[in-house]
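Asks: Below you will find the structure I want to go over with you.
What follows draws every value from the coordinates through simple rules; no lab data is involved. This one's a predicted model, so the numbers in the text were calculated from it and none came from an experiment. Here the Cβ positions follow ideal geometry from the backbone for every residue, glycine too, while neighbour counts run over all protein chains shown.
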Amino acid sequence: MDRIKITGGGPLEGVIPISGAKNAALPLMIASLLTRDTLTLSNMPLLADVTQLERILGNHGVDFAISGKRSGQSENAGRTVHFTARDIVDTTAPYDLVSRMRASFWVLAPLVARAGEARVSLPGGCAIGTRPVDLLLMAMEQLGTKIEIENGYVVASAKNGLIGGEIDFPKVTVGGTHTALMAAVLARGETVIKNAAREPEITDLANCLNKMGAKISGAGESTIVVKGVGSLHGAHHSVLPDRIETGTYAMAVAMTGGDVLLAGARAADLQAALDVLEQSGTKITSTPEGLRVKRNGGGIQPVDIETAPFPAFPTDLQAQFMALMTRANGVSRITETIFENRFMHVQELARLGAHIKLEGDTAIITGAEHLDGAPVMATDLRASVSLVIAGLVARGETTINRVYHLDRGFERLESKLRACGAQIERISGHA
């Protein structure tokens, strides 16, 4: 099992290219099931989750081809992948595939929309808490899908096609909104989605579906209206830059000091997090090339945050911000409102010398003068990168085990950081 070794010290200086967003790429890939034509996605990140979803989609009959890099194209440019679902060869998504990646459950909507049926395994447990699929199933039922649960599988059917309707989510759900969009585009009549998620990844999916011939308005707002069409066609779409990767590297610069251009990053996609970083003493400037992040010799100021759905501070940056606050000049409070088990990184940060006390859904962090390197273990994707951020300033050597979590969501993390002066390397083999 691979490990990452970091020797803490110096500031980060240089350029970090921001990859395409994993959380946008996955639903876009699934949308390829909605048409017989080819959907071409550029700026695709090379990640373990993307590779796994390619296998899952292949099970349903999706062929994919990867374009080679053009002459003179940067090695940092994302891949271009062509997805073609000429025929749906299998409407079953088995447990052994779905259990490895919860997002694959979303194939339910396009399979029912296009083939009239689907049999999709319930996804099972998740390290950071229960993420039930009841809201996704409610959305499908509102559009005329008959849902039954049999032996751990959702058996869904709409033999005469989906019918537009009103979907009013009792709470904001990204997965539910993705599902509703992919089902509604081929439903007869109009669908109104209320209390929809407003994340940039939702807007990205809607933009792509519109290029394919869908009629969606209001994406990015809390009410989305979809006018169903008879079929969709192929399209070319570029995956938006990853706002979580952007925020993660911005926090790494805030932690270590230095001056880094996050090439391709867009401020509007994570303004709440950037505002918090500026309150902590980091200077952030939008440029035509991306975002410039700079922190001089001044200390890190403590800031209190609470996670909430977009456009508020994202839960996917909570662990990284906690790492930053372990070196703040004072006490900060972080309240996690989205996932109930998302403080598993606290014990590992404590091994590096962090002072963190938990009170229910709130972590109280008292900044430490310094952190000390130690062996630590990644517990999930975002927690693992919080340990990288802490290790960049810890005295001595930090070894992070179970880094396969990192490979699910961060493309070429070590080389991007190393190019800016970090002493970081991957060690292959057993811990």
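Asks: Averaging sequence separations of C-alpha pairs under 8 Å and six or more residues apart, then dividing by the length of the chain, give the relative contact order as a whole percent.
Replies: 21 percent
Asks: To check you understand DSSP bridge types, tell me what percent of the beta bridges within the chain (both residues inside) are antiparallel, rounded to 5.
Replies: In the chain, approximately 70 percent of DSSP beta bridges are antiparallel ones.
Asks: Let me ask something else about it. Which residue, THR287, THR177, THR326, has the most motion in a Gaussian network model of the chain that connects Cα atoms within less than 10 Å?
Replies: THR287
Asks: Which net charge results for the neighbourhood of LEU97, defined as the other residues with beta-carbon distances under 12 angstrom from its beta-carbon, given Lys and Arg at +1 and Asp and Glu at -1? Display every interim value, and only then the final one.
Replies: Details: positive: ARG55, ARG100, ARG102; negative: GLU54, ASP90, ASP96.
Spelling it out: positives minus negatives among the neighbours equals 0.
Asks: Let me ask something additional. Tally Lys/Arg at +1 and Asp/Glu at -1 over every other residue whose Cβ is under 10 Å from the Cβ of MET325; what's the total?
Replies: That sum, taken over residues with Cβ under 10 Å, equals +1.
Asks: In the neighborhood of LEU417, defined by Cβ-to-Cβ distances under 14 Å, what is the net charge if each Lys or Arg adds +1 and each Asp or Glu adds -1? Working shown, then result.
Replies: Values: positive: LYS5, ARG412, LYS416, ARG418, ARG426; negative: GLU13, GLU245, GLU411, GLU414, GLU425.
Computed value for this residue: 0.
Asks: What residue among GLU340, GLU414, GLU278 shows peak mean-square fluctuation when the chain is described by a Gaussian network model with Cα springs under 10 Å?
Replies: GLU340
Asks: Just to be sure I understand: with springs between alpha-carbon atoms less than 10 Å apart, which residue in ARG119, ARG198, ARG86 has the highest mean-square fluctuation in the Gaussian network model of the chain?
Replies: ARG86
Asks: Here is a further query. Give the lysines whose C-alpha is closer than 21 Å to that of LYS22, dropping any in the same chain fewer than 8 places away, or say none.
Replies: Those lysines meeting the cut-off are LYS69, LYS211, LYS416.
Asks: What nm value, rounded to one decimal, do you get for the distance between VAL89 and GLU289 when each label is placed 7 Å out toward the C-beta?
Replies: 4.6 nm
Asks: With charges set only on the Cβ (+1 for Lys and Arg, -1 for Asp and Glu), what does the dipole of the chain come to about its Cα centre, in debye to the nearest 20?
Replies: Using Cβ point charges on Lys, Arg, Asp and Glu, the chain gives about 640 debye.
Asks: Here's something else I'd like to know. Before anything else, pin down the relative contact order of region 22-238: Cα pairs under 8 Å, at least 6 apart, normalised by residue count, whole percent.
Replies: Worked out over region 22-238, it gives 21 percent.
Asks: To the nearest 10 degrees, how steep is helix 381-391 against the longest Cα principal axis of the chain, on a 0 to 90 scale?
Replies: Roughly 10 degrees, rounded to the nearest 10.
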